[in-house]
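Derivation of every value follows stated rules applied to the coordinates shown; laboratory data play no part. All figures in this text were calculated on a predicted structure; none of them were measured in a lab. Cβ placement follows ideal geometry from the backbone for every residue including glycine, while neighbour counts extend to all protein chains displayed.
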Amino acid sequence: MDKQFMWKLSSGRLIEEELYKLGKDLELEHTVHSFILDVDDKLIAEHFTEAELREIEDTPIPEVSELSDEIVNLLNKFVGKTNLNEIRQIIKEESFGNNYYREKHHDMDYICLALHALVREIESELITDTKLENWFNCHVWSVIFDQAFGDVKTMAIVRGESTSVSTATRKNKQAKRKLGERRKIGRKGDWILRAVGNGSKDEFGAGEASKCWLDEYETKYLREGGLKLPKTLKDMLLSLMERISWNSEIRKKI
């Protein structure tokens, strides 16, 4: 790696070089092997000084759009509400009826839809840790996540343990396959946010779902949330960077 493109801290240390040093001493796979910097990771937190960690965290990132006043006001109506009938009443009062316009009201309507679906699931008393992961994907996460993008015609949530095109591209970029050898595939995810209609299959996000935070061996989060998912997201980010030819102005917004 060319040092002129590395991230240099005020202390003089180069982050890429430090991650490389950390990775050399590890016996098991870690995100540092992919040059992923997670300041919440114990390994990273113990390696860098407090001043360096603050500098890393204070580095500007692309701005995230703020919620509109209408959405904030709607969400505030549910704050502190635990009685399901009260929540139902608020949802009913916020119904648009014949005055609904998709371009204007989609987000607020989506919030009410998601909350109403969750209220029904809670009332059914079927949300238990005995359910399989796919049950939660179908009954909980689909309405919370998939429906959020209902007004974005150029995006689709790809489910069913779909593989990442970005990861597959990276794996096959330098690979020299032997005759008859199959093309390498990307990592699987519970959902992938992918562009549709332009033929490029650009990817903008991925996620993992589970019925519980940790499995019986306390490794699920570490394996999927702490390693598999970050590596997939990095592949997507690099793919988008190549898509825009690393344009300095555009990449600030990604």
For the range 18-28, 3J(HN,Hα) per residue [Karplus equation, 6.51 cos²θ - 1.76 cosθ + 1.60, θ = phi - 60°, Hz, x = Gly/Pro]: 5, 5, 5, 4, 4, x, 5, 8, 8, 8, 9
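For the range 7-57, what does the relative contact order come out to in percent, with C-alpha contacts under 8 Å and a separation of six or more?
So the answer I get is 30 percent.
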Ranking of Ser10, Ser164 by count of other Cβ atoms within 10 Å, fewest first: Ser10, Ser164
Cβ-placed point charges (K, R +1; D, E -1), dipole of the range 7-57 about Cα centre in debye, nearest 20: 200
³J(HN,Hα) computed for each position of the range 98-114 - Karplus, 6.51 cos²θ - 1.76 cosθ + 1.60, integer Hz, glycine/proline x: 6, 8, 7, 10, 4, 4, 9, 10, 3, 5, 5, 5, 4, 4, 5, 4, 5
For Met155, distant residues with modelled amide H under 5 Å away: Val196
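Run the helix sum for the chain: -39,500 (n - 2.57) per DSSP H stretch of 4+ residues, divided by residue count, reported at 222 nm to the nearest 500 deg cm²/dmol.
Numbers: 9 runs with 93 residues, N = 254.
Theoretical 222 nm ellipticity from helices: -11000 deg cm²/dmol.
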Residues of the range 192-209 with amide N under 11 Å of a point placed 7 Å along Cα→Cβ from Val152: 193-196, 203-206
Cα gyration tensor, the range 7-57 - rounded (a/c under 1.5), prolate or oblate: prolate
Backbone N under 14 Å from the Trp246 label point (7 Å along Cα→Cβ), restricted to the range 1-26: 1-7
Burial ordering of Glu249, Glu52, fewest other beta-carbon atoms within 10 Å first: Glu249, Glu52
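Where does each of Phe136, Phe5, Phe78 land when they are ranked from fewest to most other beta-carbon atoms within 10 angstrom? Mind showing how you got there, number by number?
Working: Phe136 19, Phe5 7, Phe78 16.
By the 10 Å Cβ count, ascending, the order reads Phe5, Phe78, Phe136.
Over the chain, calculate the relative contact order: mean separation of alpha carbon pairs under 8 Å at least 6 apart, over the residue count, as a percent. Intermediate results must be reported in sequence, preceding the final value.
On the way: 225 pairs, mean separation 37.9, N = 254.
Once divided by the residue count of the chain, the mean separation gives 15 percent.
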Answer label, with Kirkwood radius over Cα pairs in Å calculated from the coordinates and candidates (1) 20.1; (2) 18.0; (3) 21.8: (3)
Sorted peptide list for 30-36, 203-209, criterion being average Cβ within 10 angstrom, highest first: 203-209, 30-36
In nm, spacing of pseudo-spin labels at Ile122 and Asn172 (7 Å Cα→C-beta vector): 4.6
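Filter Lys81/Lys131; Lys92/Lys188; Lys8/Lys201; Lys42/Lys153; Lys131/Lys253; Lys21/Lys188 down to the pairs with a C-alpha to C-alpha distance above 31 Å, please.
Numbers: Lys81/Lys131 26 Å; Lys92/Lys188 39 Å; Lys8/Lys201 34 Å; Lys42/Lys153 40 Å; Lys131/Lys253 39 Å; Lys21/Lys188 29 Å.
Flagged as over cut-off: Lys92/Lys188; Lys8/Lys201; Lys42/Lys153; Lys131/Lys253.
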The chain, dipole about Cα centre (Lys/Arg Cβ +1, Asp/Glu Cβ -1), debye to the nearest 20: 1620
Interchain or long-range residues, amide H under 5 Å from Ala206's placed H: Leu193
